[in-house]
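For reference, the structure is listed below as structure tokens.
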Amino acid sequence: MSDARNGSLDGRTDADPLPTISVVDPRDGTPVGTLPCAAPAQVRAAITAALSSARTWSRTEPERRGALLHEAADAVEQHAEELAELTTRETGKLADDALGGVRAGVGTLRQYAELGPVHRGHSLRGGVLAADWTVPEPRGLVVALTPWNDPIAVAAGLLGAALVTGNTVIHKPSERCPHVGRRLGEVLAGVLPEGVLTTLVGGPDVGRALSSSPDVDVIAHVGSSATGHAIARAAAETGAHVVRENGGNDPLVIDDDVDPTWAAAQAALGAFANAGQICTSVERIYVHQAIAAPFLTALTEEAARRDRDGALAPLVDRRLRRAVHEQVTQALEAGAVALTGAVVPEGPGAAYPATVLRDCTAEMTVMREETFGPVAPVQIVESFAEGLRRAGEGRYGLAATVLTGRLAHTQQALADLSVGTLKVNNVFGGAPGGSAQPRGDSGDGFGYGPELLDEMTRVKVVHVEMPAG
Ligand code: NAD
């Protein structure tokens, strides 16, 4: 039986005082606010509410659920400025970027509002008078565990797909942006029937209580690989279906036939957007020796410009800053050279400069692990083939980018790289509504796009024949 059902969260019982989460603004260290974490009784109540509203919600006409999701999108749109401002205060995301994330979330809710009612099964003829058809059904109770780096956009996808297919949902937003998560929950709950969506504030202990509950049918986790593995282990006990969209260590491979200044702009965008706090950020760079010198000069200039122009968000908190700086320091000790950045700034907040490291090697943590900071570690390679070989190393398999004008090199990358997404000549390319299957330690299943509707449902096969005579 789960912790939550036993009335404890990691040993915490209803009799214990509620722990709280305090958030400070990563831009200047000023307090944002303090919220109490969900008590064991609230976790139990959320599960009970989700179970008791499940039957009615699953039998609500798909078209009606789609209409309600459109209303939910309207409500989020009406609160877009407020949600974006909260996102900036809790995570440090630049204002435009934060608003873009909320608008992306609205768009995703609308996509699922339209796709949900036309989500369908298949049919198969077994004989002249025999046919099989498949009917999708909701899986039941979905727990969505979401991160802080794009809180509204990510949550909107999981919640939209789960709700429109007739599941009831408990959402546990990141403990690094609990005010954003709670406010989103209030806005959505104002539109949806009672019990269909509950938002719980809390840390990993609340996530663990939910993901170990035998009443939960799907755990949809977007977050770190370590957490994803822990959730997969918990779900192995309960039998819940798991969707994991986890960390990455995405390589960028640069061929000798591209413009080095353009390649540097691509590398800077990939490594420094949202201060490198994007799952598909460029995490390591392999540049062909023929263009390495002008590339490094242009990348260093791009990095310095971003610092100068205030175009760089801070890191989410000092805990992450310590981890990023530790990787950079280790690399410098092991022989890397900092062309810019690599120094923790004075003053309040959690800023970290755009950092370019050259002479990096495969042994360095900054090349092997996800850094999640504004760091561009570069290794110069003798050929595109060597770059591809190095890009293929490691335990992650989220995405990779190649910059090349040669079709044969693109085909080679497609054949050699074991990743969910291969991007050719654009570090953040991709159609809206697209989705991919991460590999290795980067996760499992479709966390986005129309395919997420399949993850949130299971099909029943109906086999029909004529009665005798
Ligand atoms: P995280 O895994 O620490 O937290 C995500 C959620 O899981 C939070 O709500 C957290 O409280 C909960 N959680 C933590 N430990 C848990 C446990 N043991 N059991 C159940 N729930 C638990 O991740 P984070 O630090 O918030 O987010 C950053 C990570 O997310 C990065 O690795 C990034 O690459 C990844 N990410 C991936 C994608 C993607 O689509 N692949 C998108 C965004 C972020």
note = Rounded to the nearest 5, the percent of DSSP beta bridges in the range 100-249 running antiparallel is 20
key: Accessible-area value, SER225, 1.4 Å probe, nucleic acids and ligands omitted, Å²   = 10
remark   = The helix 40-58 Cα axis meets the longest alpha-carbon principal axis of the chain at an angle in degrees, between 0 and 90 and rounded to 10, of 60
task = May I ask what percent, to the nearest 5, of DSSP beta bridges between residues of the chain are antiparallel?
result = 45
ask   = Semi-axes, largest first, in whole Å: what does sqrt of 5 times each Cα gyration tensor eigenvalue give for the range 251-432?
value = 25, 16, 16
remark   = Per DSSP, the loop-located GluC sites (Glu not before Pro) within the range 313-362 having at most 13 other beta carbons within 10 Å are GLU346
request  = Specify the angular offset, from 0 to 90 degrees and rounded to the nearest 10, of the alpha carbon long axis of helix 225-238 from the longest principal axis of the alpha carbons in the chain.
outcome  = 20
remark   = Summing -39500 (n - 2.57) over every DSSP H run of at least 4 in the chain, dividing by its residue total and rounding to the nearest 500, the 222 nm mean residue ellipticity is -13000 deg cm²/dmol
query = Taking +1 at the Cβ of each Lys and Arg and -1 at the Cβ of each Asp and Glu, which of HIS409, VAL316, ALA334 sits farthest along the dipole of the range 251-432 towards its positive end, judged by Cα position relative to the Cα centre?
reply = VAL316
Antiparallel DSSP beta bridges within the range 251-432, percent to nearest 5 = 15
message = With a 1.4 Å probe and all protein chains left in place, how much of the accessible area of the chain comes from carbon and sulfur atoms, in whole percent?
response = 52
message = With Kirkwood's inverse mean 1/r over C-alpha pairs for Rh, give me the Rg to Rh ratio of the chain, two decimals please.
response = 1.01
The range 436-442 - phi-based ³J(HN,Hα) in whole Hz, Karplus 6.51/-1.76/1.60, Gly and Pro as x = 8, 9, x, 10, x, 6, 8
query = Whose amide H sits under 5 Å from the amide H of VAL242, counting only residues 5 or more places off or on another chain, with H placed in the peptide plane?
reply = ILE219
task = Enter the accessible area per residue of the range 169-323 (Å², integer; probe 1.4 Å; all protein chains in place).
result = 33
key: Cα→Cβ-extended label distance, 7 Å offset, between SER418 and GLU61, nm   = 4.9
remark   = When the charge dipole of the chain is computed with +1 on Lys and Arg Cβ and -1 on Asp and Glu Cβ about the Cα centre, the Cα farthest towards its positive end, among ASN249, GLN289, LEU9, belongs to LEU9
query = What is the range 251-432's relative contact order, in percent, from Cα pairs under 8 angstrom and six or more apart in sequence?
reply = 29
key: Rounded to 10°, Cα long-axis angle of helix 178-189 versus longest principal axis of the chain   = 40
Cα shape, the range 331-469, gyration tensor, a/c 1.5 rule = prolate
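The values are calculated or read from the model by the stated rules, or taken from the named source; none is laboratory data. Nothing here was measured: the structure is a model prediction, and the numbers come from that model. Counting neighbours? That spans all protein chains shown, and the Cβs are built from the backbone with ideal geometry, glycine included. With ligands, DNA and RNA removed, areas are computed over all heavy atoms of the protein, side chains included. Shrake-Rupley method; radii C 1.70, N 1.55, O 1.52, S 1.80 Å.
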